[in-house]
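One structure below.
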Amino acid sequence: MKELLKELCACNGVPGYEDEVRHCIEKHVAPYADEMITDAMGNLLVFKKGEKPRKEPMMVCAHMDEVGFMVQSITSNGLVKLVPLGGWVEYNVPAHIFHIRTRNGSTVRAVTASKPPHFLSAAERPAPLSLDSILLDAGVSSREQALALGIEPGCPVAPEA
């Protein structure tokens, strides 16, 4: 059970991009399922007939998604601007490692970055942290290098589990 939970938590499953989580669940329930259906919204419906008829059917329901981000744009120096997917507390984001799932399905690791304190203006220093000020650094030095890795607007970004 511990390994299954570890495998599920490692899946990139930000809202709208739960397919990785769904495929993991499908793999594990397929031996027990009579029927599996993925609907137009990406929900996974798994049916299993019992050995004895029941008066009332039973349903187990769970979310497959997790809070994350989406690539909004890439700066000229290769830093990634983000759009939040789900509810984030700004102060929980800095110093995290994230996984950007590229258009070709590969994953690029990136770390959050923000303007260093010694570059902040006097007006910026007392201002509260905002998600707009947090960027991702994927270890590239230009927009072209980021694009060459497959990072582009619309790519889902999930926290490292």
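Just so you know, all these numbers are worked out from the coordinates, no wet-lab data involved. Given the structure is predicted, the values throughout are model-derived calculations rather than measurements. Because the Cβ atoms are built from the backbone with ideal geometry, glycine has one as well, and the counts that use them run over all protein chains shown.
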If you take the residues in the range 119-147 that are within 14 Å of Trp88 (Cβ to Cβ) and surrounded by 11 or more Cβ atoms within 10 Å (Cβ to Cβ), which one is nearest to the chain's Cα centre (by Cα)? Leu136
Please find, among Asp65, Asp19, the residue that is within 27 Å of Ala146 (Cα to Cα), touching an Asp or Glu at 6+ places or on another chain (Cβ under 6 Å) and of a type outside the set (Val, Ile, Thr). Asp65
